[in-house]
Every structure is written in structure tokens, then in C-alpha cells.
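The values are calculated or read from the model by the stated rules, or taken from the named source; none is laboratory data. These figures come from a predicted structure and were not determined experimentally. Positions of Cβ are backbone-derived with ideal geometry, glycine not excepted, and every protein chain shown enters the neighbour counts.
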Amino acid sequence: MTSCCIPQLPFSFYQHQAIRADFSGGQITSDAGLLPLRAFDERHHLTRDWAALLGDPRQEERVQHDALALLRQRIYQIVAGYEDANDADRLRHDPALQIVADQKLGEPLGSQPTLSRWENAPSARSLVHLNDALVEQFIRLCGRQVRQRGEILLDIDSTDDPTHGQQQFSFFNGAYDQHMYHPMLIFERHTGCLLSARLRPGNASSHARIVPLLLRIVPRLQRAFPGVLIKLRGDAGFALPLLYEFCEFFGIQYVLGIPANCVFQRRAEPLQKKLKRRYRRTELPQRSFSSFRHRARSWSRQRHICYKAEHTAVGTNLRFLITNVAGRASQIFAFYNDRGECENRIEEFKNGFRADRLSCHRFLANAFRLLLHAFAYNLVNLFRLLQLPQAWRSIQIETLRARLFKIGARIRPTARCIRVHLATGWPWQALFGKLALALNTS
């Protein structure tokens, strides 16, 4: 009798038999693949540690969703591809998201207004401690890999985050020709971990606040990993004498781009002319590397300048690096050019995790949002680094969503447990089963 009351939706294109659709399937989700990720999170208490650093000024007796539940809801929505807080109104009844947020099944998650108020609550001090947590979790979870490799490689870079509206401290940046924020990001090259994500006003220079930021990271790393070599790379936007002094004081090996000037060009001119003559003779592209010592007026000492000279049909190209690393100029350039991996990480962070969705009015709220996306990125990155098979560790978030996280399932609560019925023909059953068994904490 009940089934007759459910609207039937007919489809007539299938010639073999009539099709009738309805919405009586029960608790069904498209994100059941988040369960192994949530089990990994629970084993290493990642979201629990992050939430512990957030103050909650709300009156306890009037709180329906605590900070931990809201943090998990927001992070797992980002991982699943629902990057906007507005998505919460459509997803607060999703059973898989209720489970990963540790909400009782059937009880709705936080709404968009609840999440917006929560995102505007953290103080500047809380945001500093949350940034520190990225480093502490890297030390705790990646310590064995770091000690085996004997090296930590910090890739520093800034990126543009276009703004559209009345966001606080959104300014026009002439280099990018747009109104924007200018976040600073620090990745560890070998593990892919994001160690810092700091939001800055749109008119900040590329190197603005880099030394204070490193001061919160480098001493922690050196205390945790005594004897482990720390290296640092950055483009010409970080050609800052204070940064050179910082690296030399802390014993960090650095390779940084440095803009050309008349002195550098004069020193490179003999090699440049030699390549030009050779190109005229052979009509083949020419490239060569060399180096020299130089001391600018603002520097406390001489420093090593490496340069690359190229001559092709379009003319001459010169690139300069400043470094305290010994070795041939060609080797130093090869090391520097590996910075392309940092660009891949930024691309995944911004496009895969939608880290550019900073649409709040208040600057601190947007800085907190950037950290939420950083937490989502690190959660997935640590999961694939420490839990997934070797062949899966280079897979980016879009592919992980399609292959692992986005799996339809019927969720059925019983007296003894909650049963999750996954699709019988799903091609990644074996991986899911291995993850479930490996992460079983019972």
C-alpha cells in the first residue's frame, strides 16, 4: 500500500523493458570511499589535534555542533569536492558525511550559517598555532622518512588568489594585473607535505614575511631532526639579503633565483659572446653554465652566483642563481629546476582542493579558510604517502576522488551496526578491502 504512494518516474527509451524510478532507496551516498580516509585520520588523530587548537566562545549548553564536528564536516566536504560553505545546506543530511563527522546518523550536520559563524570565530593567535600544527604533524608522521633520507627540502613560493567583491585587504597587484590575495606556501619536497599556508594582503611582495615564517619552522625541524640537512629553494621573488643571512646562520643550504643587473650581465658577457659565435657557426641552440663570486654593497660577505647562458634563434637568455651550495653550476641549476614539482603541488592545492575560494569579508576568516584547505590537502597527502600502495602515491586528488572517494553506497542502520552496501561491480574493491583491514583499530 505504501509503495503505491511513492511517485513513479517512467523512462521509455529502454526497448527491452519498462523503467520506473523512485526515491525510496533509503540512505544512499556518493561518498562512501571517505571511510578509509576517516579511519586513517582517527588512527593518527589529525582532525582531533587541529580542533584542539581552536577556541570555542559559544555557550556550551547551546552548542549543537561542536568545533570538532564542524571542522571534520568542512574538511571532508573539501576532500569530496564540495569546497563552498554553501554546499553544507545540501549535504547536511548525507549519511557518509554524517559518519565521517562523527555525527549520529540521521541528525543533520551544521548549516551554511553555522559554518560561516564558526569560520569567523578564530583569532589571529589561533591561526598561528594551527599553522604550527602542520609542522608538528609532519615531524610526527614523516620522521622515519626524513631520517632515512637525511634531508629536508623546503620549496617556498607565493601564488595569486583572485578576489571578487569586498574582501578585507584585497588589493590590486600590478605583477598579476588583478585584485587578489597573495598567499605564501611552504612545501617539503620529498613528502609533498604543506608546512605553512599564510594568507597575505594582495599588495604584499613575494618575499614579505618569509623570514618570520621560517623562524617558526626551521628551529622546530632542527630540534626534531638533529644532523639532518635542510635545503631551501625559491624563485627570484625571494632574492632578499635577510633571507641569505637567515639561511647561513641556521646552516641551511639555499638556491634562490636572483634578478639580472648590469654587474651580472657584464660578468656573463664573454660567455654570452662565445655562445653567439658558436651559434652562428653551427646554427644549433647553445647553452652553457658558469659562476663567479660577488658582493653587493648591502651584503655582509661575498656570495656564489651561478648563471646559465643560452643562445637560440630568438636571441640570448641569461638566468642567475645565488647559492651557498658547492658544486658545478650545471648541477646547481638542475637542482633548482626541480622546483617544478612545487608548482605541481600548488596547482593541486589551488585547483584540486579549491584553495582559492576565499570569499568571506573578514581577512582572518579567509586566512582560516586557507588553513582548512591546507588541512584537507595534508590529510589526503599523508594518507596516500603512508597508507596507499606505491603506485597510488603520485595520484592527485581528482583521480583519487574518481577512483576511491566517490563510490555510491546504501547505508542501513541495524540494531548491531551500520551496514554500508557498496556497489558489487566497483573496480577498486581489493584496494578498499586492504585499506579497511589495515586501518581496523578494533
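Does Trp118 satisfy being crowded, with 19+ Cβ neighbours inside 10 Å and farther than 28 Å from Ile407 by Cα? If you could, list the steps in order and put the result at the bottom.
Details: crowded, with 19+ Cβ neighbours inside 10 Å: yes; farther than 28 Å from Ile407 by Cα: yes.
It is true that Trp118 is crowded, with 19+ Cβ neighbours inside 10 Å and farther than 28 Å from Ile407 by Cα.
Picking from Leu437, Leu386, Leu431, Leu382, which residue would you name as being within 18 Å of Phe40 (Cβ to Cβ), modelled with pLDDT of 95 or more and either surrounded by fewer than 18 Cβ atoms within 10 Å (Cβ to Cβ) or over 24 Å from the mean Cα position of the chain (by Cα) (or both)? Before you say what the answer is, go through the steps one by one.
On the way: Leu437 fails: modelled with pLDDT of 95 or more; Leu431 fails: modelled with pLDDT of 95 or more; Leu382 fails: either surrounded by fewer than 18 Cβ atoms within 10 Å (Cβ to Cβ) or over 24 Å from the mean Cα position of the chain (by Cα) (or both).
From the options Leu437, Leu386, Leu431, Leu382, the qualifying one is Leu386.
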request  = Go through segment 354-394 and give me each residue that's of a type outside the set (S, T, N, Q) and outside any helix (DSSP H, G or I).
outcome  = Arg354, Ala355, Asp356, Arg357, Leu358, Cys360, His361, Arg362, Leu388, Pro389, Arg393
inquiry  = The conditions are (1) closer than 21 Å to Ile258 by Cβ; (2) in contact with a Cys (Cβ under 8 Å, 6 or more places away or on another chain); (3) crowded, with 22+ Cβ neighbours inside 10 Å, and Asn366 fails exactly one of them. Which is it?
reply    = (1)
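Are any of the residues in segment 398-417 assigned to a strand (DSSP E or B), touching a strand residue (DSSP E or B) at 6+ places or on another chain (Cβ under 8 Å) and surrounded by fewer than 12 Cβ atoms within 10 Å (Cβ to Cβ)?
Of the residues in segment 398-417, the ones assigned to a strand (DSSP E or B) are 409-413.
Still in the running and touching a strand residue (DSSP E or B) at 6+ places or on another chain (Cβ under 8 Å): 409-413.
Filter once more, keeping what is surrounded by fewer than 12 Cβ atoms within 10 Å (Cβ to Cβ): none.
No; the residues of segment 398-417 include none that is assigned to a strand (DSSP E or B), touching a strand residue (DSSP E or B) at 6+ places or on another chain (Cβ under 8 Å) and surrounded by fewer than 12 Cβ atoms within 10 Å (Cβ to Cβ).
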remark   = Expected single match for within 25 Å of Leu364 (Cα to Cα), surrounded by fewer than 19 Cβ atoms within 10 Å (Cβ to Cβ), touching a residue at least 12 places away in the same chain (Cβ under 8 Å) and not aliphatic (A, V, I, L, M) among Pro201, Pro212, Pro241 is Pro201
message = Quick test of your reading of the structure: Pro226 fulfils all but one of (1) assigned to a loop (DSSP other than H, G, I, E, B); (2) crowded, with 20+ Cβ neighbours inside 10 Å. Name the failing condition by number.
response = (2)
query = In segment 334-353, which residues are surrounded by 17 or more Cβ atoms within 10 Å (Cβ to Cβ) and in a helix (DSSP H, G or I)?
reply = Phe335, Tyr336, Cys342, Arg345, Ile346, Glu348, Phe349, Lys350, Gly352
request  = Within segment 395-416, track down each residue that is closer than 21 Å to His93 by Cβ and without any contact (Cβ under 8 Å) to a residue 12 or more places away in the chain.
outcome  = Thr414
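Which ones in segment 20-30 are of a type in the set (Gly, Ala, Ser) and in a loop (DSSP other than H, G, I, E, B)?
Within segment 20-30, Ser24, Gly25, Gly26, Ser30 meet the criteria.
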query = Restricting segment 277-292 to residues that are among the polar types (S, T, N, Q) and assigned to a strand (DSSP E or B), which is farthest from the chain's Cα centre (by Cα)?
reply = Gln286
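Residue-wise test of (1) surrounded by fewer than 14 Cβ atoms within 10 Å (Cβ to Cβ); (2) on the phi < 0 side of the Ramachandran plot; (3) out of contact with any helix residue (DSSP H, G or I) (no Cβ under 9 Å at 6 or more places or on another chain).
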{"site": "Ala268", "(1), (2), (3)": "no, yes, yes"}
{"site": "Leu275", "(1), (2), (3)": "no, yes, yes"}
{"site": "Pro285", "(1), (2), (3)": "yes, yes, no"}
{"site": "Arg295", "(1), (2), (3)": "yes, yes, yes"}
{"site": "Trp299", "(1), (2), (3)": "yes, yes, no"}
query = Just a yes or no: is a residue in segment 383-395 among the aromatic types (Phe, Trp, Tyr) and within 30 Å of Asn131 (Cβ to Cβ)?
reply = yes
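Mind checking which residues of segment 308-333 are without any contact (Cβ under 8 Å) to a residue 40 or more places away in the chain and either touching a Phe, Trp or Tyr at 6+ places or on another chain (Cβ under 6 Å) or within 16 Å of Arg266 (Cα to Cα) (or both)?
Residues of segment 308-333 without any contact (Cβ under 8 Å) to a residue 40 or more places away in the chain: 308, 310-315, 317, 326-328, 331.
Hits for segment 308-333 are Lys308, Glu310, His311, Asn317.
For (1) surrounded by 15 or more Cβ atoms within 10 Å (Cβ to Cβ); (2) assigned to a loop (DSSP other than H, G, I, E, B); (3) modelled with pLDDT under 95, each residue gets a yes or a no:
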{"residue": "Met1", "(1), (2), (3)": "no, yes, yes"}
{"residue": "Ala32", "(1), (2), (3)": "yes, yes, yes"}
{"residue": "Arg38", "(1), (2), (3)": "yes, no, no"}
{"residue": "Pro57", "(1), (2), (3)": "no, yes, yes"}
ask   = Any chance segment 42-52 includes a residue that's of a type in the set (A, V, I, L, M, F, W, C) and under 23 Å from Leu435 (Cβ atoms)?
value = yes
ask   = Taking the condition assigned to a loop (DSSP other than H, G, I, E, B), in the same structural domain as Phe363 (by TED's automatic domain parsing) and crowded, with 21+ Cβ neighbours inside 10 Å, does Gly106 pass?
value = no
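Criterion first (loosely packed, with under 14 Cβ neighbours inside 10 Å and in contact (Cβ under 8 Å) with a residue 60 or more places away in the chain) does Ala124 satisfy it? Lay out the reasoning, then the answer.
Working: loosely packed, with under 14 Cβ neighbours inside 10 Å: yes; in contact (Cβ under 8 Å) with a residue 60 or more places away in the chain: yes.
Judged against the criteria, Ala124 is a match.
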ask   = Quick one: is Lys406 in contact with an Asp or Glu (Cβ under 8 Å, 6 or more places away or on another chain), not hydroxyl-bearing (Ser, Thr, Tyr) and not assigned by TED's automatic domain parsing to the domain that holds Asp157?
value = no
Residues of segment 146-202 satisfying the condition of being among the aromatic types (Phe, Trp, Tyr), touching a Pro at 6+ places or on another chain (Cβ under 6 Å) and not in a strand (DSSP E or B) = Phe169
ask   = Can you find a residue in segment 51-74 that is among the β-branched types (Val, Ile, Thr) and closer than 28 Å to Phe383 by Cα?
value = no
